[in-house]
Amino acid sequence: MWIAGNAMLLGAVGCSLLAVPVELNAIRREFRLLEKARYLSNEEMSNARAVLRAAGWSYVAVTGTALVGAVRDMIRRGNDRT
């Protein structure tokens, strides 16, 4: 049971790790699209850049949180086995 639980936790971390580059690429493409199409003024573009960067960092934060949670739970489960 201990191995299955750890495998599930690491699977969640793996999914988060896979999502980060995909989302960061989508954010870059979206910014280029906004820039090219000139939907926004220069001031709005700087605000849009800040929002898109924050969105990208939120994916990094979620991945870090999942990793820390998985390690914490593996340590707890390892201590319970002894």
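Just so it is clear, none of the values below were taken in a lab; they were calculated from the coordinates. No experiment lies behind these values; they were computed from the predicted model shown. Cβ atoms come from the backbone with ideal geometry, glycine included; neighbour counts cover every protein chain shown.
Brief remarks follow.
- Radius of gyration (Cα atoms) of the range 6-81, expressed as a multiple of 2.2 N^0.38 Å: 1.55.
- Relative to the longest principal axis of the Cα atoms of the chain, the long axis of helix 42-81 lies at roughly 0 degrees.
- Label reach from Ala26 (point 7 Å along Cα→C-beta): in the range 35-62, amide nitrogens under 17 Å belong to 51-62.
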